[in-house]
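Have a look at the structure below before the remarks.
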Amino acid sequence: MMDHVLEWLQAYHDGELPERKVRRVEEHLAYCESCCAELEALRAMSSLLQESPAAGDLMRPDRFVAQVGLRLQRRPEQTVTRRVLETGWRLVPVGLLGAWAFVQTVLIVLSGILMTQSFPATAGLFSSVVPPVSVNSLLTGLHCFAGKGLSDWLEVLSCAARWFGPLGWPIALSIVLVMGIALLYLSWLASWWVRHNRIENVPIV
Amino acid sequence: MTATTIPAGIECEWIARAQQGDRQAFAELVQRYRAGVVNVVYRMCGDADLAEDAAQEAFIRVWQHLPRYQPRSSFRNWVYRIATNVALDVLRRERDATDIEIVPLVAAQSNPEAAVERSERADRVRQAVLALAPASRAVLILREYEALSYKEIAETLDIPMGTVMSRLNYARTQLRETLKGCLEGG
């Protein structure tokens, strides 16, 4: 005795069941009265629903089309400024990628310079080209030019830098900048998603 | 109800031209999908006048958002999605709309008693469909009246196929309960 096929009947009735299962359902229906009755009920329901008339014939098609035409607004023209802004907005990820590559390059170069300066054997090689850089003096200088808000940030940065040892501040700065770039990219992604789904994906509750 | 059969290439051309702002091409698209959209909206709202307004509003939204339409998805499903959303907006705006009017849509019959009975049955069916939750109602309407496949419904409403099947099952079970009298009466 085969199990009932109730869970497949709806898909069978709608013509959505795979061929392999269709055969099994039909074999079962050949002798199972309760499943036959269930299928019949689904068919009766579909027929009953079709008794409720459609509304399409209530209005004349040409009148409907004309009314829609009258209500259509002109689309805002694509001005040059608008087009430039639109293109710029689309290129934001490329710009962020470029900014990330730039930050990484600068920080790798700086790390290299700092490494060479930290070893007495190589410090002399660059002293004629690059003046000796003291991290503390650089940060102190930045403190003088920065406002209070930025000063606090620099303080945090220098604290973080001390954690990482001789290459501390390039690493800390790198982390901060990469996080900033990631944040900007996520914001852009969120705005793109909202824009893309404004109409199409209004949830049906 | 399905849209008139025309070659897919011609429709793509209409869409492309309408995206560029060609109103005549858009009128062709409106003509093609009018019946389907009106029906979807009417079944969702249950009021013929509201359906006419809402269907027009749906086409206006289609026009506004047409430049963003991506041809990789079915245009009909995209239009139906907008129509369904407009119908839901209309329902939210006009909570009492379903009680406004019962339009006698049954053609004149030689037997007036039979006509009245049929009209009453049709109205009971309409009210039962309207009593369903909007999410299940949308799935049922797209399946039973627009004959969309499960996959097309999933794409139109942006829900998984499993959800389409469970909502359809729920809607049918509810209707069987509500319309027990009509079903038993034949």
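Within region B:142-186, being at the interface with another protein chain (Cβ under 9 Å from one of its Cβ atoms), in contact (Cβ under 8 Å) with a residue 40 or more places away in the chain and in a helix (DSSP H, G or I) holds for B:Leu157, B:Leu175, B:Cys182.
Per-residue answers, yes or no, for (1) closer than 25 Å to B:Gln64 by Cβ; (2) within 14 Å of chain B (Cβ to nearest Cβ); (3) more than 30 Å from the chain's Cα centre (by Cα); (4) modelled with pLDDT under 80:
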position	(1), (2), (3), (4)
A:Asp57	no, yes, yes, yes
A:Phe64	yes, yes, yes, no
A:Leu72	yes, yes, yes, no
A:Gly95	no, no, no, no
A:Gly98	no, no, no, no
A:Val106	no, no, no, no
A:Leu110	no, no, yes, yes
A:Leu114	no, no, yes, yes
A:Ser118	no, no, yes, yes
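Quick check on B:Ala135: is it under 28 Å from B:Arg72 (Cβ atoms), facing chain A (nearest Cβ under 7 Å) and assigned to a helix (DSSP H, G or I)? Here the answer is yes, as B:Ala135 does meet what is asked. Cβ-Cβ distances below 9 Å connect the following pairs, each with a first residue in region B:22-35 that is in contact (Cβ under 8 Å) with a residue 12 or more places away in the chain and within 14 Å of B:Ala54 (Cα to Cα), a second residue that is among the acidic types (Asp, Glu) and surrounded by fewer than 19 Cβ atoms within 10 Å (Cβ to Cβ), and a separation of six or more residues or different chains: B:Ala35/A:Asp57.
Among the residues making up region B:18-57, a single one is of a type in the set (Ser, Thr, Tyr) and more than 7 Å from chain A (Cβ to nearest Cβ): B:Tyr33.
Condition check ((1) under 26 Å from B:Asp123 (Cβ atoms); (2) modelled with pLDDT under 90; (3) among the aliphatic types (A, V, I, L, M)) across all residues:
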{"site": "A:Asp3", "(1), (2), (3)": "no, yes, no"}
{"site": "A:Glu7", "(1), (2), (3)": "no, yes, no"}
{"site": "A:Ala11", "(1), (2), (3)": "no, no, yes"}
{"site": "A:Leu17", "(1), (2), (3)": "no, no, yes"}
{"site": "A:Glu26", "(1), (2), (3)": "no, no, no"}
{"site": "A:Arg43", "(1), (2), (3)": "yes, no, no"}
{"site": "A:Ser47", "(1), (2), (3)": "yes, no, no"}
{"site": "A:Glu51", "(1), (2), (3)": "yes, yes, no"}
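Considering region B:65-95, the residues that are assigned to a loop (DSSP other than H, G, I, E, B) and in contact with a helix residue (DSSP H, G or I) (Cβ under 9 Å, 6 or more places away or on another chain) include one that is surrounded by the most Cβ atoms within 10 Å (Cβ to Cβ), namely B:Tyr69.
In this structure, B:Ile60 does not satisfy being at the interface with chain A (Cβ under 8 Å from one of its Cβ atoms), touching a His at 6+ places or on another chain (Cβ under 8 Å) and modelled with pLDDT of 90 or more.
Being without any contact (Cβ under 8 Å) to a residue 12 or more places away in the chain and facing chain A (nearest Cβ under 9 Å) is the filter; apply it to region B:63-77 and report the residue that is nearest to B:Ile15 (Cα to Cα). If we take residues in region B:63-77 being without any contact (Cβ under 8 Å) to a residue 12 or more places away in the chain and facing chain A (nearest Cβ under 9 Å), then B:Arg68 is nearest to B:Ile15 (Cα to Cα). Identify all residues within region A:27-36 that are surrounded by 12 or more Cβ atoms within 10 Å (Cβ to Cβ) and without any contact (Cβ under 8 Å) to a residue 24 or more places away in the chain; write none if there are none. Result: A:Cys36, single match.
The values are calculated or read from the model by the stated rules, or taken from the named source; none is laboratory data. Here the structure is a predicted model, which is why all the values come from computation and not from measurement. We place every Cβ from the backbone using ideal geometry, glycine too, and count neighbours over all the protein chains shown.
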